[in-house]
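> What follows is a structure written as structure tokens; I'll ask about it next.
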Amino acid sequence: MAGQTLYDKLWSQHLVKQRDDGSALIYIDRHLLHEVTSPQAFEGLRLAKRKPWRLDANLATPDHNVPTTLLERAEGNAGIKDPVSLIQVQTLDDNCQSFGIEEFRINDARQGIVHVVGPEQGATLPGMTVVCGDSHTATHGAFAALAHGIGTSEVEHVLATQCLLAQKMKNLRVRVEGRLGVGVTAKDIVLAVIGRIGTAGGTGYAIEFAGSAIRELSMEGRMTICNMAIEAGARVGLVGVDDTTIDYLRERPYAPAADLWDAAVADWRALVSDDDAVFDKEVVFDAAEIAPQVTWGTSPEMVAPVTGSVPDPDAEADETVQGGIRRALAYMGLAPQQKIADIRLDKVFIGSCTNSRIEDLREAAKVARGGRIADSIKLAMVVPGSGLVKRQAEAEGLDRVFIEAGFEWREPGCSMCLAMNADKLEPGEHCASTSNRNFEGRQGYGGRTHLVSPAMAAAAALAGHFVDVREFHAQPQEA
Amino acid sequence: MHALKTHRGLVAPLDRANVDTDLIIPKQFLKSIKRTGFGPNLFDELRYLDEGYPGQDVAKRPLNPDFVLNQPRYQGASVLLGRRNFGCGSSREHAPWALEDFGFRVIIAPSFADIFYNNAFKNGILLIALDEATVERLFQAVEANEGYRLDVDLEAQTVTTPEGEVLHFDVDAFRKHCLLNGLDDIGLTLEHEDAIREFEQRHRQARPWLFRQAG
Ligand code: SF4
């Protein structure tokens, strides 16, 4: 018999009941909640007079709606100016309190974007099933946890039954072999992958990211990659356990300690695909060939190397693709064959569950150090992923680096990733963003988003347009 | 959840691929804590010429006359015809809530994004995947014939065109059963309460660290 993939192992370890029709009941170890997708689920529980199945599996924090300026945050929930946002955050607080669910509230140092908070607390562990009413739950797969986004009906289902009705996915392995160039990061890998396989390339699959370039990445980098598996259509992204995983988790608050730690580690070591495991599909990339990536369109697959240019729709054979490119270029205000490096920017956003962890901020700070944002940039902001990331960055002096270069240093939250709070683009503005979605209107009505890595975003802020961060690195910088 | 056994409805064509959840319902409308009332803001950025925000009187907003759902011939449509990868993007269930609130019961497209597929069925919307060539033919037929209606029979898994052509579609047995009977997933799962408890106990013994709290 052939070996098992990591996904197969995780699936079978959580299988409660297999149904004849192919669907199955799987047990959920960790359920993360935020204010946007949970209120209707709690309402449903109340209406049906049901109770949460296992309280300690749940962990909540507000992130999407929280304001990010120090002044507003000083007032706690009262600092949320938009009354509807305030109701959502308060509703989460009330629901967590009345049902007895642990919540990191707005001014708790542990508050932050739910996908930054879970791993940081060790609340995401290898071998877990992790769900959250948010598609970027795929992030947690970096820990060899079976993690994916669910809808609000499913949030209610998980609260009430500790299980999820699921269908087994197929296995896709994305292997990235070799060494990344200097200045090329995890974000560039995942954008290049999406550029090649497309936004539906992973639909129906759990993607395991493997190969020497993935092994070389830190946990932060692996999270960036798994985070965007959903942008390739896959609900699940995974990376097998190794020393990097285990070192990251040691002494995290929710991680096991003492004897339990040793037993856990022994168990986790098996959370890799067997050598003879069979994948339904495999795609291989050469890390050395990946250049820093920039999206030019309104879908993450509309991406090009920074050295390249915007495509010409006339060169496409497929009419739907042609139409898609035309529509995207019109929306983005770009011309066919325009050079990526000629795209001028109005705003820069460094943050989101894709790239707001300490390593991301270090990479951006390395580029920003000693520089000054271009006069044409109206706003460049850095939004740490959690209160603890912020604290760590400040301890390293990164906040000073950013502030001296002209960036705004903000309080943790989703912020301009989806512009549910006050941070947003004006119509027509171009933004270099480290987030994960460049859909129309995502960062504000009529806003134009270009997805890039933190280093590329910082370089773009200083130059006022996109620049190849590899050359930027090569230039001697003032201390 | 309401049941859906058969449905006959006017078809509206939405001719673009990768229709994402932000397009279906822009995020400024996600701030509601209710499940209903999203219909007026379905496809907000395409439907209206101004920027939408919650609490507006939509009757006073300028409609985009070019948007398909605003055209007189598609008023009252309950079947949406789309292109590939319909519903991609976020996991927000507001997308099917908005589609349902607007009046769509059936969506036909060559393919759907995974999470959206789940969410739609849970909210009583039937998603039908047909091959690209068939969908293309339907687009042409809908655009050529005003008042084009399709008959959908979930039990038989068929779509019947006005010309009398019968198109077969696949749907998994469980989702079909739930939709035919309007069943609530949670109630169904809790019928297995004992199996869940038993599993949980074994799981806790095998991997106690998964149950540990911060200490
Ligand atoms: S940072 Fe952006 S993508 Fe991530 S959870 Fe928040 S809104 Fe969603």
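> Filter segment A:363-386 down to the residues that are assigned to a loop (DSSP other than H, G, I, E, B) and among the small types (G, A, S), then identify the one that is farthest from A:H430 (Cα to Cα).
Ranking the qualifying residues of segment A:363-386, first place goes to A:G370.
> Give the residues of segment B:19-74 that are aromatic (F, W, Y), closer than 19 Å to A:F439 by Cα and assigned to a loop (DSSP other than H, G, I, E, B), sorted by residue number.
B:F43, B:Y53, B:F67
> Please tell me if B:Q28 is at pLDDT below 95, closer than 30 Å to A:L45 by Cβ and over 16 Å from the mean Cα position of the chain (by Cα).
yes
> Of all residues being buried (at least 16 other Cβ atoms within 10 Å of the Cβ) and touching a Ser or Thr at 6+ places or on another chain (Cβ under 9 Å) in segment A:255-279, which is nearest to A:P119 (Cα to Cα)? Just the residue, please.
That would be A:W268.
Here is a yes/no grid of residues against (1) within 24 Å of A:M420 (Cα to Cα); (2) open to solvent by less than 60 Å² (accessible area, probe 1.4 Å):
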{"position": "A:D20", "(1), (2)": "no, no"}
{"position": "A:Y27", "(1), (2)": "no, yes"}
{"position": "A:L33", "(1), (2)": "yes, yes"}
{"position": "A:V36", "(1), (2)": "yes, yes"}
{"position": "A:T69", "(1), (2)": "yes, yes"}
{"position": "A:I87", "(1), (2)": "yes, no"}
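> Can we say A:H31 is closer than 25 Å to B:H94 by Cβ and assigned to a strand (DSSP E or B)?
yes
> With the requirement that a residue be within 22 Å of B:R207 (Cβ to Cβ) and either open to solvent by 10 Å² or more (accessible area, probe 1.4 Å) or touching a Ser or Thr at 6+ places or on another chain (Cβ under 9 Å) (or both), what does segment A:124-135 give you?
Once the filter is applied, which keeps residues that are within 22 Å of B:R207 (Cβ to Cβ) and either open to solvent by 10 Å² or more (accessible area, probe 1.4 Å) or touching a Ser or Thr at 6+ places or on another chain (Cβ under 9 Å) (or both), segment A:124-135 yields A:T124, A:P126, A:V130, A:V131, A:C132.
> Could you run through segment A:358-376 and say how many residues are hydrophobic (A, V, I, L, M, F, W, C) and open to solvent by 10 Å² or more (accessible area, probe 1.4 Å)?
Of the residues in that region, 3 qualify.
> For segment B:72-87, name all the residues that are polar (S, T, N, Q) and either surrounded by fewer than 13 Cβ atoms within 10 Å (Cβ to Cβ) or in contact with a strand residue (DSSP E or B) (Cβ under 6 Å, 6 or more places away or on another chain) (or both).
B:Q75, B:S78, listed by residue number.
> Only one residue in A:E154, A:E102, A:E120, A:E177 is at pLDDT below 95 and of a type in the set (D, E), so which one is that?
A:E154 is the lone residue from the list that is at pLDDT below 95 and of a type in the set (D, E).
> In addition: Are any residues in segment A:126-176 more than 9 Å from chain B (Cβ to nearest Cβ), of a type in the set (V, I, T) and over 22 Å from A:T61 (Cβ atoms), and if so, which ones?
Residues satisfying the conditions are A:V174, A:V176.
> Please pick out the residue among A:T37, A:T68, A:T91 that is within 11 Å of chain B (Cβ to nearest Cβ), in contact with a helix residue (DSSP H, G or I) (Cβ under 6 Å, 6 or more places away or on another chain), within 16 Å of the ligand (Cβ to nearest atom) and more than 20 Å from B:L210 (Cα to Cα).
A:T37 is the lone residue from the list that is within 11 Å of chain B (Cβ to nearest Cβ), in contact with a helix residue (DSSP H, G or I) (Cβ under 6 Å, 6 or more places away or on another chain), within 16 Å of the ligand (Cβ to nearest atom) and more than 20 Å from B:L210 (Cα to Cα).
> Have a look at A:A109, A:A138 and point out the one that is touching a helix residue (DSSP H, G or I) at 6+ places or on another chain (Cβ under 9 Å), open to solvent by less than 10 Å² (accessible area, probe 1.4 Å) and at pLDDT 95 or above.
A:A138
> Kindly indicate whether A:E408 is within 14 Å of chain B (Cβ to nearest Cβ) and away from the ligand (no atom under 14 Å from the Cβ).
So A:E408 fails the test.
> Looking only at helices (runs of 4 or more DSSP H) that fall completely inside segment B:78-171, which ones have 3 or more residues that are more than 30 Å from A:E35 (Cβ to Cβ) and more than 9 Å from the chain's Cα centre (by Cα)?
In segment B:78-171, the matching helices (runs of 4 or more DSSP H) lie at B:132-144.
> Among residues belonging to segment A:405-439 that are modelled with pLDDT of 95 or more and outside any loop (DSSP other than H, G, I, E, B), point out the one that is farthest from A:D134 (Cα to Cα).
A:A405
> Only one of (1) open to solvent by less than 20 Å² (accessible area, probe 1.4 Å); (2) more than 21 Å from A:L71 (Cβ to Cβ); (3) more than 12 Å from the ligand (Cβ to nearest atom) is not met by A:G428, so which one is it?
(1)
> Next up: Examine segment A:390-403 for a residue that is under 30 Å from B:L23 (Cα atoms) and buried (at least 20 other Cβ atoms within 10 Å of the Cβ), and state whether such a residue exists.
no
> Among the residues of segment A:335-357, write down those that are among the aliphatic types (A, V, I, L, M) and open to solvent by less than 20 Å² (accessible area, probe 1.4 Å).
Passing the criteria: A:I340, A:I343, A:L345, A:V348, A:I350.
> In segment B:9-53, what count of residues is obtained for those that are touching a helix residue (DSSP H, G or I) at 6+ places or on another chain (Cβ under 8 Å), of a type in the set (A, V, I, L, M, F, W, C) and more than 7 Å from chain A (Cβ to nearest Cβ)?
11
> Within segment B:175-187, is even one residue open to solvent by 40 Å² or more (accessible area, probe 1.4 Å) and at the interface with chain A (Cβ under 7 Å from one of its Cβ atoms)?
No.
> Can you tell me which residue is farthest from A:R357 (Cα to Cα) among those in segment A:387-404 that are among the acidic types (D, E) and part of a helix (DSSP H, G or I)?
A:E404
> May I ask you to list pairs of residues, at least six apart or on different chains, whose Cβ atoms are under 8 Å apart, with the first in segment B:141-156 being of a type outside the set (A, V, I, L, M, F, W, C) and the second being part of a loop (DSSP other than H, G, I, E, B)?
Sorted first by the residue in segment B:141-156, then by its partner, the pairs are B:N145/B:P162; B:Y148/B:P162; B:R149/B:P162; B:D153/B:K5; B:E155/B:K5.
> Can you name every residue in segment A:226-250 that is open to solvent by less than 10 Å² (accessible area, probe 1.4 Å), over 14 Å from A:N436 (Cα atoms) and either in a helix (DSSP H, G or I) or modelled with pLDDT under 95 (or both)?
Within segment A:226-250, A:T245, A:I246, A:L249 qualify.
> Give the residue that is farthest from the ligand (Cβ to nearest atom), with candidates limited to residues of segment A:141-153 that are outside any loop (DSSP other than H, G, I, E, B), open to solvent by less than 10 Å² (accessible area, probe 1.4 Å) and under 14 Å from A:V36 (Cα atoms).
Taking the candidates together, the pick is A:T152.
> What pairs come up if the first residue lies in segment A:46-64 and is in contact (Cβ under 8 Å) with a residue 12 or more places away in the chain, the second is small (G, A, S), and their beta carbons are under 6 Å apart, counting only those six or more places apart or on different chains?
A:R50/A:A160; A:L55/A:G100; A:L59/A:A123; A:D63/A:G413
The values are calculated or read from the model by the stated rules, or taken from the named source; none is laboratory data. For clarity, every value in this text was computed on a predicted model and none was experimentally measured. Neighbour counts are summed over all protein chains in view; Cβ atoms, including those assigned to glycine, are modelled from backbone coordinates with ideal geometry. Accessible surface is based on the protein model in full, side chains and every heavy atom, while ligands, DNA and RNA are left aside. Shrake-Rupley method; radii C 1.70, N 1.55, O 1.52, S 1.80 Å.
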